[in-house]
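The values are calculated or read from the model by the stated rules, or taken from the named source; none is laboratory data. Since the model is a prediction, treat every value here as computed from it, not as a measurement. Note that each Cβ is placed from the backbone with ideal geometry, even for glycine, and that neighbours are counted across all protein chains shown. Heads up: the accessible areas ignore ligands, DNA and RNA and are worked out on the full protein's heavy atoms, side chains in. Shrake-Rupley method; radii C 1.70, N 1.55, O 1.52, S 1.80 Å.
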Amino acid sequence: MTTTMAQALNAALRDALKDDDRVLVFGEDVGTLGGVFRVTDGITADFGEDRCFDTPLAESGIVGFAVGMAMGGFRPVVEMQFDAFAYPAFEQITSHVAKLRNRTRGALSLPMVIRIPYAGGIGGVEHHCDSSEAYYTHTPGLRVVTPGTAQDAYDLLRDAIQSPDPVVFLEPKARYWSGEEVSFTRSGPAMDRAVVRRQGKDVTLIAYGPMVATALETAEAATAEGWDVEVVDLRSLSPFDDETVTASVRRTGRAVVVHEAAGFGGYGAEVVARVTEQCFHQLHAPVLRVTGLDIPYPAPKLERHTLPDVDRILDTIARLQWADTPVVAGA
């Protein structure tokens, strides 16, 4: 039976609520409505308003409330509804959620999850389609994860809820309705590990969240060009799995990083730096990026021009110095 990513997330929340009375789910419209994307559909009806409930439209208050509950022994899972809606809560996240363990020298931890539907591909307007991952990954004290498949949506959310650390859980909106066979046994890799989604020998595509499916589609299309493409799904953006990523790049000798966020100062720049520093002597070409444009998110009819697609990725792969003839300085 095929399970969509939204259904897998719903199942993960239900299983967590069943397994641990300390787990609570709350946020904007997560109760009666079941969330804008129906991720929490039916949970209030089945578990009651004490376990899954709506909050006022006050993101800073939602996160601040969750901080207090986590300090008191609960495991809150909050939803921000849309990526840019989380910005009013940014001060709470960076000043308190990320720092409380260090501030108290380990006396207090914050086992909480902040669910943020993010990225584009749904024809949404500004404040509904931001790729804000770099803000959170640049903040020490936060775990940041994002699933690229329905199976990972279930596994990562279960692990995030059980984590003793605060987790920013980025859900790719455009993939909510993609589906696959899902095992509800939490048998996948650890939360902080990347995985090789497709093996190849010529070039490594490094992607995460909404771009995983695009990278896999590109890898299939690349066979017509004679390229055997490996695809690595990061899953965890912070901490970063250097071991899996660098092992892949050392095998292939070439790499391209793909993400929807703007290129300048984007998360991909950190990935490029880490790969270059650790794999310099195995690289046959510079590590390149395919990203969103350096502009505010465009109107719905124009979003296709900023989102990375198969053709843009293939064009970038073609720039990876495939010629056998060495380049002569000054030639």
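Observations on the structure shown:
- Residue match in region 262-277 (condition: modelled with pLDDT under 95 and farther than 20 Å from Val125 by Cα): no
- Apart from one condition, Ala16 fits all of (1) small (Gly, Ala, Ser); (2) open to solvent by 10 Å² or more (accessible area, probe 1.4 Å); (3) part of a helix (DSSP H, G or I); the exception is (2).
- Test set (1) touching a Ser or Thr at 6+ places or on another chain (Cβ under 9 Å); (2) in contact (Cβ under 8 Å) with a residue 12 or more places away in the chain; (3) not polar (S, T, N, Q) - Val63 fails condition number: (1)
- Only one of Gly121, Gly68 that is without any contact (Cβ under 8 Å) to a residue 12 or more places away in the chain and out of contact with any Ser or Thr (no Cβ under 8 Å at 6 or more places or on another chain): Gly68
- Filtered by the rule that a residue be among the hydrophobic types (A, V, I, L, M, F, W, C) and part of a helix (DSSP H, G or I), region 151-201 gives Ala153, Leu156, Leu157, Ala160, Ile161, Ala174.
- Verdict on Ala207 being in the same structural domain as Ser248 (by the TED database) and buried (at least 24 other Cβ atoms within 10 Å of the Cβ): yes
- Tally of residues being outside any helix (DSSP H, G or I) and without any contact (Cβ under 8 Å) to a residue 24 or more places away in the chain across region 19-49: 7
- Unique residue being among the hydroxyl-bearing types (Ser, Thr, Tyr), closer than 14 Å to Ser131 by Cβ and in contact with a strand residue (DSSP E or B) (Cβ under 6 Å, 6 or more places away or on another chain) when the list is Thr291, Thr252: Thr291
- Looking only at region 68-84, residues that are within 17 Å of the chain's Cα centre (by Cα), surrounded by fewer than 24 Cβ atoms within 10 Å (Cβ to Cβ) and in a helix (DSSP H, G or I) come to 1 in all.
- Qualifying position, being modelled with pLDDT of 95 or more, under 23 Å from Asp21 (Cα atoms) and either open to solvent by 30 Å² or more (accessible area, probe 1.4 Å) or in a helix (DSSP H, G or I) (or both), among Phe65, Phe90: Phe65
- Reported count of residues in region 110-123, each being small (Gly, Ala, Ser) and either within 22 Å of Met69 (Cβ to Cβ) or open to solvent by 10 Å² or more (accessible area, probe 1.4 Å) (or both), is 2.
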